[in-house]
Amino acid sequence: MALGVKRSKEGTQVLRFGFPKGSLEGMTAQLFERAGYQLQIPERSLYPSIDDPEIECVLIRAQEMARYVGQGVLDAGISGHDWITENQAHVRELCELRYAKTSFRPTRWVLAVPEDSPIRGAKDLEGKRIATECVGLVERWLAERGVKAQVEFSWGATEVKPPLLADAIVDVTETGSSLRANQLRVIDTVLESTPRFIANRDSHADAWKRRKMERLLLVLRGAIQAIDRVGLMMNVPRRCLGDVIALLPALGTPTVSNLADERWVAINTVVAERLVTDLVPKLAEAGARAIVEYPLNKILE
């Protein structure tokens, strides 16, 4: 259940928000700053400061986030889909937050065995020992396939346990380089995970808290939409307008405005940053002039 109404020193109601500690911490801090918040994370405190008196941040490991949100200790928070699944938390997932539009890779939990192992698939795990940090996730995955195996919790360095301490492991990876360095080969993917914005169900039913979450999500999603995108402004002879617009891979429809000189128009648009180097010379050749590239913090759709 959600806790009672909490208020700040200023007397405003407060949303208690779980800020993820660990691998998501740095990216989440950057996302909040791009969204317009001033955030400070002290080294020896569980309470990051944020310049919004209606939000109280609590620094919690992503592995525990869903449990505390589900219990109502926190109203909302950010955690990986993997840990939400592991905890089987009774929470409400409001949004997937892919922190980078083009370079983001989902976290993968993979089943891996020594390179010389005879294990080729899930069925070969019958009666075997598997080491992992996500015991519940792996046990449910095996049960879905009708396989009975001994699943043991690993406190870390899971990739070094085969073949002496385990026949197989289920571990998290992005590139697979650590697995290859330990002479392990991947035989299956158990789960792909991305960050999620989650809410306590009772908190989400509260009108004030739900509105606060929706406003927070609006600017966070806007910051994500702006990652890897830039704005372009330019002046274009009206006779060249069709040719210039045809070159623009715009987010939506470009804005075209009249100028004092009726022979010219101004265009304002948004494009992927990676396209700019190739695009700008083509725009100039098509007749665009005074081309200005500018950074974006948020795109609110």
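The values are calculated or read from the model by the stated rules, or taken from the named source; none is laboratory data. Bear in mind that the values here come from a model prediction, so they are computed numbers and not experimental data. Because the Cβ atoms are built from the backbone with ideal geometry, glycine has one as well, and the counts that use them run over all protein chains shown.
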Kindly provide the set of residues from the stretch 226-250 that are of a type in the set (A, V, I, L, M), surrounded by fewer than 17 Cβ atoms within 10 Å (Cβ to Cβ) and part of a loop (DSSP other than H, G, I, E, B), ordered by number. Ala250
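Do you know which residues across the stretch 184-197 are surrounded by 15 or more Cβ atoms within 10 Å (Cβ to Cβ) and not small (Gly, Ala, Ser)? Give the steps one after another, and end with the answer.
Of all residues in the stretch 184-197, those surrounded by 15 or more Cβ atoms within 10 Å (Cβ to Cβ) come to 184-188, 190-191, 193-197.
Correct list: Leu184, Arg185, Val186, Ile187, Asp188, Val190, Leu191, Thr194, Pro195, Arg196, Phe197.
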Can you tell me which residues in the stretch 225-284 are in contact with a Leu (Cβ under 8 Å, 6 or more places away or on another chain) and over 28 Å from Arg34 (Cα atoms)? Asn235, Val244, Leu247, Val265, Lys282, Leu283
What about Arg129, is it under 22 Å from Gln150 (Cα atoms), surrounded by fewer than 23 Cβ atoms within 10 Å (Cβ to Cβ) and either in contact (Cβ under 8 Å) with a residue 24 or more places away in the chain or of a type in the set (D, E, K, R) (or both)? yes
Of the numbered conditions (1) out of contact with any Lys or Arg (no Cβ under 6 Å at 6 or more places or on another chain); (2) buried (at least 16 other Cβ atoms within 10 Å of the Cβ), Ala223 satisfies every one except a single condition; which is it? (1)
Quick check on this structure: which one of Ala122, Ala89, Ala112, Ala76 is in contact (Cβ under 8 Å) with a residue 60 or more places away in the chain, closer than 27 Å to Phe17 by Cα and touching a Leu at 6+ places or on another chain (Cβ under 9 Å)? Ala76
Please go through (1) in contact (Cβ under 8 Å) with a residue 12 or more places away in the chain; (2) touching a helix residue (DSSP H, G or I) at 6+ places or on another chain (Cβ under 7 Å); (3) over 30 Å from Val110 (Cβ atoms) for Lys212 and return the number of the only condition it doesn't satisfy. (2)
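If you check Phe32 against the conditions, is it in a helix (DSSP H, G or I), among the hydrophobic types (A, V, I, L, M, F, W, C) and either out of contact with any His (no Cβ under 8 Å at 6 or more places or on another chain) or modelled with pLDDT under 90 (or both)? If you could, list the steps in order and put the result at the bottom.
On the way: in a helix (DSSP H, G or I): yes; among the hydrophobic types (A, V, I, L, M, F, W, C): yes; either out of contact with any His (no Cβ under 8 Å at 6 or more places or on another chain) or modelled with pLDDT under 90 (or both): yes.
Considered against the rule, which asks whether it is in a helix (DSSP H, G or I), among the hydrophobic types (A, V, I, L, M, F, W, C) and either out of contact with any His (no Cβ under 8 Å at 6 or more places or on another chain) or modelled with pLDDT under 90 (or both), Phe32 comes out as yes.
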Unmet requirement for Arg201, which otherwise passes all of (1) of a type in the set (D, E, K, R); (2) touching a residue at least 12 places away in the same chain (Cβ under 8 Å); (3) outside the structural domain of Thr85 (by TED's automatic domain parsing); (4) surrounded by 14 or more Cβ atoms within 10 Å (Cβ to Cβ): (3)
For the stretch 102-126, give me the residue count where each residue is surrounded by 17 or more Cβ atoms within 10 Å (Cβ to Cβ) and of a type in the set (Asp, Glu). 1
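Please find, among Thr253, Thr269, the residue that is surrounded by fewer than 14 Cβ atoms within 10 Å (Cβ to Cβ) and not small (Gly, Ala, Ser). Steps first, please.
Details: Thr269 fails: surrounded by fewer than 14 Cβ atoms within 10 Å (Cβ to Cβ).
Of Thr253, Thr269, the one residue that is surrounded by fewer than 14 Cβ atoms within 10 Å (Cβ to Cβ) and not small (Gly, Ala, Ser) is Thr253.
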If I filter the stretch 127-134 for residues that are under 22 Å from the mean Cα position of the chain (by Cα) and farther than 30 Å from Arg34 by Cβ, do I get at least one hit? yes
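Could you please find all residues in the stretch 283-301 being surrounded by 14 or more Cβ atoms within 10 Å (Cβ to Cβ) and at pLDDT 95 or above? Show your work before the answer.
Taking the stretch 283-301 as the starting set, the residues that turn out to be surrounded by 14 or more Cβ atoms within 10 Å (Cβ to Cβ) are 283, 286-288, 291, 293, 296, 298-299.
Correct list: Leu283, Ala286, Gly287, Ala288, Ile291, Glu293.
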